[in-house]
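Heads up, the thing below is written out as structure tokens.
Every number here is computed from the coordinates shown, using simple stated rules; none is lab data. This is a predicted model, so every value here is computed, not measured. Here the Cβ is made from the backbone with ideal geometry for all residues, glycine too, and neighbour counts use every protein chain on show.
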Amino acid sequence: MDLIICVWGLLTLVAEGVRCQGVYAPPTVRIIHSGHACNVEEERYTERVYTIREGETLELTCLVTGHPRPQIRWTKTAGSMSDRFQDSSVFNETLHIAKILRTQGGRYYCKAENGLGSPAIKSIRVDVYYLDEPVVTVHQSIGEAKEQFYYERTVFLRCVANSNPPVRYSWHRGREVLTQGSDKGVEIYEPFFTQQGETKILKLKNLRPQDYANYSCIASVRNVCGIPDRSVIFTLTNRTASPSIKLLVEDPIVVNPSQTVSLVCITTGGEPPPVLTWGSSNDSLPQRSVVNGGTLTLPAITSEEAGAYSCVASNNVGNPAKKSTTIVVRALKKGRFWITPDPYHNDDNIQIGREVKISCQVEATPPEELTFSWLKNGRALRSSERMVITQTDPDISPGTTNLDIIDLKFTDFGTYTCVAALKGGGIPEISIDVNISSTTVPPLFFSFLVPPNLTVPRGKSPLVAREGDTVELECLVSGKPKPIILWSRADKEAPMPDGSMQMESYDGVLRIVNVSREMTGSYRCQTSQYNGFNVKPREAVVELIVQYPPTVEPVFMEMRQGLGRPVVMTCRVLRAHPSRVLRFEWLLSNRLLHAGAFDAQRDETEYTVRNLNRDGLGEYTCNVINEAGAGKCTFLVTGKAYPPEFYYDTYNPVWQNKPRTYSFKLQWTQMNPNAVDRIVAYRLGFRQMGLERWWVQEIPVDGPINKGELMSHNLTDLIKPESYEVRLTPITRFGEGNSTIRIVRYSAPINPHLREFHCSFEDEPICMFTQDKNDDFDWTRHSAATRDTKYTPNTGPSVDRTGSKQGFYMYIETSRPRKEGDQARLVSPFFNVAPKNPYSISNPPAYCFGFFYHMYGKHIGTLNAFLKQKGQTSSEGPVWSLNGNQGDHWKQAKVSIHPTSSFQVVLEGIRGPGIEGDIAIDDVTLEEGECRDPPTNLSSKVLFRSSHIWLLCVTLVMTLLEGQR
């Protein structure tokens, strides 16, 4: 029978090998979770919903298939209706967010693409659950007097808590639970929603003596995600009152820079005692500020720290009390001046005998403390009939003073100084000098101002330059005094070369270093509007033309070709200035091959190697040349084979019946195998990580390789749990091609795709099984070779499930101090369930859970198997159970399970009445589909013999596959 099964398996593998000749496949995606999920459920017509508690670790893994290995990208959108991808993304299979915040909930997308077909996209919505501490606020109202004896006093207690999911409230007075109708003096309103969250109101009508008590509000989300209830207590007395405060400072407070400012706030009423906090109009208090109770100290204050500061008192009774004051930091900022020509004439000349106005403007804080004074040649100047000083003028800007000189004379030449100061001192004065002298005023024309004039020198527009040159745009400027020139773009809204919208020039020249093609265009030169004289600006325009070499494609291209085949290289011109291309030249390693004039009717040039030989391999260059320079296309012609592509979707490592070594099945496809000469072999090198020595061998290839053909090679006798670097290089008659490197890591076969979970407990991590923390004792990992059975003879296994004394298994040790009924539970890792119907889980998938057990001894207790699903607080009854002595044999148990969400399997051993009650388990498996009929009473010897037959089958399969290659 075993031989028939072996032959059937061989035929199946051969047929599978035929189907695997083209393994290039577009990507598929599946999202699984780990970390601390509270629940994972399906939403109709949408994606899965993953629930997690705030502060826990979010870990989502994107499982992909497809070849070549798809590239994975995680993205997130904030809203549930948007499917667009945002810029922020994570290129990794696993998305890990430690201590997740409520704001990080939303829809997460995993996108996988490998260039074949459309990208595969799956999404999962993350719902972050939280419950904040509730807050109780009290509001009181007093009605009209009744019979002149008392006032009707009504109190409202409001309880609010931010939460997800919605919160449920309950009120207590002392130990009494308050409900609607339980007390005529109490009304409980239905919750309503505010910006702070859902609010619950308790109304106490016409306060009675028993109403003065401790009130507690309990907020609950019904233990969702294990979030406990939260509560707050408020004590209501006949002295309960809203807060009142007093600010012991002036408003505003005017200070000098570097002065220390202290603000004092005191409470004048309120029960319970209010809590004082400070705030600022600048969103936050300065870093150097010190808060001590009701005192806020600002040491060495600066102008940036000026603004409004508020003291807020709150005791959750009524509205918070708030008092504010403004701190003004005195300051003078540098001013400016300008000269206005005679307002009664239209020309820009100011002549002797006419009026001149000198204006001086300064910014001051506070503006009402600003004072001005004028000096002439250092001596105080007072207002007179010919020298009129105006401090404030409703027609001019604030903080401005004017000096009007009526009937200008030569004796008025000199230095005029405007001095600005703040009352009270403490701030340095600001002075601005204006010179009116005979050296700048030609006496012949009886004027001291020559209006500016702008011209562009002949031959300077249009200005032609080459890309990369340094150019100078020039505008000739005349006038007295000589104005500053402002340069800007005239043809479009674009920044200047330094990134600003305007550039200043004192000599009328704009210098541009390393000019680029984007700088082509019109540039405007303009006299500054505030050059000291209030005259109309002049402007001119300069045209700049930047020539640049041809832009070509491809800039670089690798071309792989087999020897004896033709190679065609094409260099295409995209743009150039001047657009008339002069000539082209083709070179091989700086050796000229072909040159000529560029065809004006075409935008490309072509070179062909008709019969590629070894002398024709190398780097080809095509230079396309115009007046500004050359554009270069580069072609690397090689006979190297493309690198192979490792096939990652292989279940590894391969099982090997050795305790300290493992095997790894390398699988790969060849990228574009027909692009070059036929691949005759692969050179395989591998080394242990951290070591320098490489082991090298050649893998021969028989016959041509088809595109997408899957090839494989077994690496054997790798040392557990070491990792290895593997390098695979194709070889043709040209020589070695490009190599591919990957890292081979040992890992226990844990939940690869939930199709083939198998754990034999051979390794210390025990396949991520964990011991239940709430049981009485733990399972023990042992092998028969190391376990001492003298203490408890006549119980437990003498070999593992395969018949090996060196093999490991798990068992419960029932010796003292264990007592009858003690429980030991072993819990598997989480398994993720993907429903076959994407819109419903009404027909959950089936899995076959299997394990081998050994229950030998006269005191054997009970072995139970449970299914524990995500979100369940406790397991239901066992899905499989057995008790009592079953003989000195390993037997197999199988049971079909139908989980509807992520799940774990739990194996529970219960100690019997005595010490001869050791229970052992081994070879735990989980497979998709319903269980077939399990074998009955399989002994370890039979299984051991069967394993040899299957090893023979595997050997025959590998031999056949090697023969096919």
- Counting alpha carbon pairs within less than 8 Å and at least 6 residues apart, what relative contact order, in whole percent, applies to segment 453-547? 38 percent
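Find the percent of Cα-Cα distances in segment 244-329 that exceed 21 Å, and round it to a whole number.
Values: 954 of 3655 pairs.
Above the 21 Å cut-off, segment 244-329 has 26 percent of its Cα pairs.
Might you report the magnitude of the Cβ-based charge dipole of segment 331-436 about its Cα centre, with Lys and Arg at +1 and Asp and Glu at -1, to the nearest 20 debye?
Details: 11 positive and 15 negative charges, 84 e Å.
Result for segment 331-436 is approximately 400 debye, rounded to the nearest 20.
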- May I ask you to list the lysines whose Cα is less than 26 Å away from that of K246, ignoring any residue fewer than eight positions away on the same chain? K322, K323
- Item | Student exercise, segment 551-638 dipole from Lys, Arg, Asp, Glu Cβ charges, in Debye to nearest 20 | 140 debye
- Please list, or write none, the lysines whose alpha carbon is within less than 24 Å of the alpha carbon of K894, excluding same-chain residues fewer than 8 places away. K836, K868, K870, K941
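Greater than 23 Å separation of Cα atoms is the criterion. Which listed pairs, K76/K99; K333/K423; K334/K492; K334/K357; K357/K423; K773/K819, meet it? Intermediate values should be presented prior to the final figure.
Numbers: K76/K99 17 Å; K333/K423 15 Å; K334/K492 34 Å; K334/K357 20 Å; K357/K423 26 Å; K773/K819 18 Å.
Long pairs (Cα-Cα over 23 Å): K334/K492; K357/K423.
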- Mind jotting down the distance between the C-alpha centroids of segment 671-727 and segment 550-567, whole Å? 29 Å
- Item | Principal axes of segment 453-547: Cα extent on each, largest first, Å | 40, 28, 20
- Query: What is the magnitude of the charge dipole of segment 453-547 about its Cα centre, with +1 placed on the Cβ of each Lys and Arg, -1 on the Cβ of each Asp and Glu, and no other charges, expressed in debye to the nearest 20?
  - Reply: 380 debye
- Task: If a/c stays under 1.5 just call it rounded; otherwise compare a/b with b/c (prolate if a/b is bigger, oblate if not). Do that for segment 644-745, with a ≥ b ≥ c from the square roots of the Cα gyration tensor eigenvalues.
- Result: prolate
- Task: Check the straight Cα-Cα distances from K184 and name the lysines below 26 Å, setting aside those fewer than 8 residues away within the same chain.
- Result: K146, K200, K203, K205
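Compute the signed sum of charges (Lys and Arg +1, Asp and Glu -1) over the other residues within less than 12 Å, Cβ to Cβ, of N164. Can you show the working numbers first?
Working: positive: R53, R102; negative: E54, D127, D132, E198.
Neighbour charge sum, excluding N164 itself: -2.
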- So what are the radius of gyration and Dmax for the Cα set of segment 331-436, in Å? 14.1, 45
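Applying a 10 Å radius around every beta-carbon, put 858-869, 591-602, 553-564 in order of their mean neighbour count, most first. Before the final figure, lay out each step's value.
Details: 858-869: 20.2, 591-602: 10.6, 553-564: 14.4.
In decreasing order of mean packing, 858-869, 591-602, 553-564 become 858-869, 553-564, 591-602.
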